[in-house]
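K.L.:
Before I ask anything, here is the structure I am working with.
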Amino acid sequence: MIRSNMKLGVSLVAAVTLALLSLGSGASAQPVVGGVIGASGLPVPRFVSLKSNQVNVRRGPTVEHQIAWMFKREGLPVEIVAEYENWRRIRDADGAEGWVYHSLLSGRRTAVVAPWDPGKLYELHSDDSDNSRVTASLEAGVLASISRCTGSWCRLSGSGFDGWIRQDRLWGAYPGEKFN
């Protein structure tokens, strides 16, 4: 991932932009935040992934806003934290936020293994249990696809591995979240 050192102020600029956009416009212009249904009809917040190897992240929800940084890796998970028309405010695993056009995001679920703990290895199991056979050890920072989460374990797959990992070791699935 390539990101400029100008992370400071992205949230402030976005907040000011949203406040200005909401002045004098109807309720439909206000972003949706905090576990509700967004303009897309989908819940906010939610995890999605990047659809392309080159995704510009902007300081506000229009093409006129400056590009703050660029992601360079397809499939990275990001969290949608707000929506404004066809724009999504996203947060990455480092906590940086910015705006991305909706068509650059995919509903495909992916995760990064423990990005907060570089260099550490995490066990992948044959089943959703600590007592099951270990099938692989994944280094923190590994990107994988998620096919299912039980609320405490997630099924991951990637190049040369497939198995279960504790859900709290992933960035890309919420604690207690269940899906197939």
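K.L.:
Against the condition basic (Lys, Arg), within 30 Å of residue 62 (Cβ to Cβ) and surrounded by 14 or more Cβ atoms within 10 Å (Cβ to Cβ), how does residue 166 come out, does it pass?
P.N.:
The answer is no for residue 166.
K.L.:
For the stretch 43-70, which residues satisfy the criterion of being more than 30 Å from residue 176 (Cβ to Cβ), among the charged types (D, E, K, R) and not in a loop (DSSP other than H, G, I, E, B)?
P.N.:
Across the stretch 43-70, the qualifying residue is only 58.
K.L.:
Run residue 138 past the list (1) surrounded by fewer than 19 Cβ atoms within 10 Å (Cβ to Cβ); (2) farther than 30 Å from residue 40 by Cα and report the number of the one that doesn't hold.
P.N.:
Result: residue 138 fails condition (1) only.
K.L.:
I would also like to ask the following. Going by the structure shown, is residue 93 of a type in the set (A, V, I, L, M, F, W, C), buried (at least 20 other Cβ atoms within 10 Å of the Cβ), closer than 30 Å to residue 152 by Cβ and out of contact with any His (no Cβ under 7 Å at 6 or more places or on another chain)?
P.N.:
no
K.L.:
I need the full set of residues from the stretch 102-134 which are of a type outside the set (D, E, K, R), buried (at least 16 other Cβ atoms within 10 Å of the Cβ) and outside any loop (DSSP other than H, G, I, E, B), in order please.
P.N.:
Those that are of a type outside the set (D, E, K, R), buried (at least 16 other Cβ atoms within 10 Å of the Cβ) and outside any loop (DSSP other than H, G, I, E, B): 104, 105, 110, 111, 112, 113, 122, 124, 125.
K.L.:
Considering the stretch 146-160 alone, what residues qualify as being outside any loop (DSSP other than H, G, I, E, B) and either open to solvent by less than 30 Å² (accessible area, probe 1.4 Å) or under 19 Å from residue 94 (Cα atoms) (or both)?
P.N.:
Matches in the stretch 146-160: 146, 149, 153, 154, 156.
K.L.:
For the stretch 169-180, give me the residue count where each residue is open to solvent by 60 Å² or more (accessible area, probe 1.4 Å) and charged (D, E, K, R).
P.N.:
Counting residues in the stretch 169-180 that are open to solvent by 60 Å² or more (accessible area, probe 1.4 Å) and charged (D, E, K, R) gives 2.
K.L.:
Across the stretch 71-90, what is the total count of residues that are crowded, with 21+ Cβ neighbours inside 10 Å and more than 22 Å from residue 174 (Cβ to Cβ)?
P.N.:
Final tally of qualifying residues: 1.
K.L.:
Among 141, 95, which is without any contact (Cβ under 8 Å) to a residue 12 or more places away in the chain and not in a strand (DSSP E or B)?
P.N.:
Going through 141, 95 in turn, the sole match is 95.
K.L.:
In the stretch 71-92, how many residues are more than 15 Å from the chain's Cα centre (by Cα) and part of a strand (DSSP E or B)?
P.N.:
1
K.L.:
Of the residues 68, 39, only one is surrounded by 20 or more Cβ atoms within 10 Å (Cβ to Cβ), over 21 Å from residue 151 (Cβ atoms) and over 15 Å from the mean Cα position of the chain (by Cα); which?
P.N.:
Criteria check complete, one pass: 68.
The values are calculated or read from the model by the stated rules, or taken from the named source; none is laboratory data. Keep in mind the model is a prediction, meaning the values are calculated, not measured. For neighbour counting, all protein chains shown are included, and Cβ atoms are generated from backbone atoms with ideal geometry for every residue, glycine included. With ligands, DNA and RNA removed, areas are computed over all heavy atoms of the protein, side chains included. Shrake-Rupley method; radii C 1.70, N 1.55, O 1.52, S 1.80 Å.
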